[in-house]
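So the structure is just underneath, and the comments pick up after that.
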Amino acid sequence: MRKLIIIVSVLFVAVSCDIIGEGANHRDSRMKDESVGLVSAYLLSPAVMLDYLLLADRFIQAPEEEKDSSLYDRVRQTLYKGDGDTWLIENLGTLDTGGGSLHEPGVIWKVEFKDGYGYYGYYSSSFLHAPGLDGWSFECVSDDLWSAVASDENVTAFQFDGDETFLVSTFGERKTPDDYDCSFKTEGEFKMVLKYVDEEERWWISGRFFHSVGRGSNVYESCEAVYSGYSNPSFNLVK
């Protein structure tokens, strides 16, 4: 629990996009933290959720005699039937499937967080979301293509490209606590791959992520993060 509180606290700072600070080094560090927080909130978090929901969909649709399969362990131990088409995801919130399959075009699954922070844990797997988000809506657009809309109306798209690879794109805007404008987007091809390294779940990420902070048409600072695998991204900062 202490580890979770620390992670959440870091994420809260990271997604704030607050440019107020003293000294260039402090601002540079904050821009980097903001970039990582935005990727976690609008790319990594919904990607892990979608991965979980697609498995949950297979579990819900599976014949009763197949639901005891070890394939569904992490779903069976965290997903509980509610009223009608609703389900409870342990430590996260509620899921409304609308009675449809997330593999059917046009079907929307809605995840509503139970409190200020959504957290799902199964062994080494977890996902968090940005403060201020009440949930996500996931829609099957077509075969192997999904859109995810956050409660703040920012959008992320996911295309499954086989071998556990998601091609991801996002764009959006957030307001800072002191009314600055923070915009963000992926640039070019952005890939996320779920891998197991030393029996731990890790995300391999490749691509470029850009965010800027300003007011109106004036951009005060911008940051490009370049991801190239399991390592931390490199950053290009512009003032």
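Points worth noting:
- Note on Asn91 and Phe171: the extension gain reaches 26.0 nm, defined as 0.36 nm multiplied by sequence separation minus the Cα-Cα distance.
- 3J(HN,Hα) from dihedral phi, region 138-147, Karplus parametrisation 6.51/-1.76/1.60, rounded to Hz, x for glycine, proline: 10, 10, 7, 7, 6, 3, 6, 9, 10, 10
- Accessible area (Å², 1.4 Å probe, nearest 10) - Arg174: 40
- By a 1.4 Å probe calculation restricted to protein chains, Val141 has an accessible surface near 70 Å², given to the nearest 10.
- Sorted on the mean count of surrounding Cβ atoms within 10 Å across their residues, most packed first, peptides 220-226, 50-56, 230-236, 186-192 read 50-56, 220-226, 186-192, 230-236.
- Where labels lie 7 Å past Cα in the beta-carbon direction, separation of Ile108 and Ser228 in nm: 4.1
- Accessible area (Å², 1.4 Å probe, nearest 10) - Trp204: 80
- Region 214-230 - phi-based ³J(HN,Hα) in whole Hz, Karplus 6.51/-1.76/1.60, Gly and Pro as x: x, 8, x, 8, 8, 9, 8, 8, 9, 9, 10, 9, 10, 9, 9, x, 7
The values are calculated or read from the model by the stated rules, or taken from the named source; none is laboratory data. What you are looking at is a predicted structure, and each value in this text was computed from that prediction instead of being measured. So basically every Cβ, Gly included, is an ideal-geometry build from the backbone, and we count neighbours across all protein chains shown. Surface areas here come from the heavy atoms of the whole protein model, side chains and all, with no ligands, DNA or RNA. Shrake-Rupley method; radii C 1.70, N 1.55, O 1.52, S 1.80 Å.
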